[in-house]
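So the structure is just underneath, and the comments pick up after that.
The values are calculated or read from the model by the stated rules, or taken from the named source; none is laboratory data. The shown structure was predicted, so the numbers you read here are calculated from the model rather than taken from an experiment. Neighbour counts are summed over all protein chains in view; Cβ atoms, including those assigned to glycine, are modelled from backbone coordinates with ideal geometry.
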Amino acid sequence: MKEKLIVALDVAGQKEALGLVEQLTGRVGAFKIGMQLFNSEGPGIVKEIQGLGGKVFVDLKFHDIPNTVAQAAKVITGMKVFMFNVHASGGFEMMHGATGAAKEAAERLEIKKPLVIGVTVLTSISQDVFEREVGIDRSIEDQVTAWAKLAQKAGLDGVVASPREILPLRKACGSDFLIVTPGVRPLWAAANDQKRVMTPKEAVQQGADYLVVGRPITAHKNPREAAAKIIEEMEEAANA
Ligand code: C5P
């Protein structure tokens with residue numbers, strides 16, 4: 001179960017990030033670095049984390065013309081990351097190009113292809129904003145499912161999804177498609193700004209393949225203990 005837990009390193013700098021990696025490596029599945037850490041420290045942070053034995057999910061949500069994203073996918077694959085993501089709204093050709101480029105680069109370098117994950121509708125977008133600003137006159141739930149199916153057709157390994165989306169996505173995409181779920185909160189942790197949360201046990205029960213958890217671990221006075229408690233709760237679901 002520990003392999004399914006991805007810790008979001010939403011911290012300002014290398015020192016803090018590596019301090020957490022040192023405490024948690026071998027005890028969780030991977031570390032997610034996002035725009036803040038990647039842009040403040042540069043790609044070297046990936047190597048630093050790997051040097052401590054951690055697997056890395058680079059959460060940069062690529063979204064550009066297919067050629068540009070494919071080139072970026074090649075570069076990211078060369079960094080031997082475990083997972084990276086692209087926006088499904090970039091379309092079939094962009095997603096297909098990204099995963100194809102990752103596969104090609106991995107074969108050339110004789111390394112494992114990173115998991116390529118699609119981002120559908122950001123959970124910060126409300127139905128009203130979706131219609132008025134994004135300009136899509138459809139329910140968010142329908143659009144999430146449509147983009148997940150498109151991502152699957154384009155050869156992506158899975159999608160990021162809020163806990164509430166797990167069941168409909170499983171139904172639409174089957175059991176082989178990975179579902180990576182943030183918005184996870186154990187009962188003993190603060191919800192922070194997350195609105196629609198699920199416990200680790202519930203998320204595993206619903207069928208999430210990977211859970212992304214940040215502050216309940218990174219802001220805990222004992223991150224190791226927090227991670228161990230979360231893994232225990234995930235195991236409860238698997239053994240139920
Ligand atoms: O600290 P917390 O557990 O809320 O962190 C969750 C992580 O997952 C953050 O890095 C956040 O950006 C990311 N995320 C999210 N909701 C999404 C997509 C990504 O919380 N829909």
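Descriptive notes on the structure:
- Top-ranked residue in segment 191-215 [being near the ligand (Cβ under 10 Å from one of its atoms) and among the hydrophobic types (A, V, I, L, M, F, W, C); ranked as nearest to C173 (Cα to Cα)]: L211
- Residue within segment 60-83 that is part of a helix (DSSP H, G or I), of a type in the set (A, V, I, L, M), more than 14 Å from the chain's Cα centre (by Cα) and over 15 Å from I117 (Cα atoms) present: yes
- L150 meets each of the listed conditions (1) surrounded by 15 or more Cβ atoms within 10 Å (Cβ to Cβ); (2) more than 16 Å from the ligand (Cβ to nearest atom); (3) not in a helix (DSSP H, G or I) apart from (3).
- Residue match in segment 108-119 (condition: in contact (Cβ under 8 Å) with a residue 24 or more places away in the chain, buried (at least 21 other Cβ atoms within 10 Å of the Cβ) and in a loop (DSSP other than H, G, I, E, B)): yes
- Applying the set (1) in contact (Cβ under 8 Å) with a residue 60 or more places away in the chain; (2) within 16 Å of the ligand (Cβ to nearest atom); (3) in contact with a helix residue (DSSP H, G or I) (Cβ under 8 Å, 6 or more places away or on another chain) to G155 leaves exactly one unmet item: (2).
- With respect to the conditions (1) modelled with pLDDT of 95 or more; (2) more than 11 Å from the ligand (Cβ to nearest atom); (3) of a type in the set (S, T, N, Q), N239 falls short on a single one, namely (1).
- Taking the criterion of being under 18 Å from D59 (Cβ atoms) and of a type outside the set (F, W, Y), the residues of segment 84-100 that qualify are N85, V86, H87, A88, S89, G90, M94, M95, A98, T99.
- Between V159, V121, the distinction of being within 17 Å of the chain's Cα centre (by Cα) and modelled with pLDDT under 95 belongs to V121 only.
- Test: A172 is of a type outside the set (F, W, Y), within 30 Å of E93 (Cβ to Cβ) and surrounded by fewer than 18 Cβ atoms within 10 Å (Cβ to Cβ): yes
- Candidates V81, V75: the one that is in contact with a helix residue (DSSP H, G or I) (Cβ under 7 Å, 6 or more places away or on another chain) and either modelled with pLDDT of 95 or more or under 18 Å from E3 (Cβ atoms) (or both) is V81.
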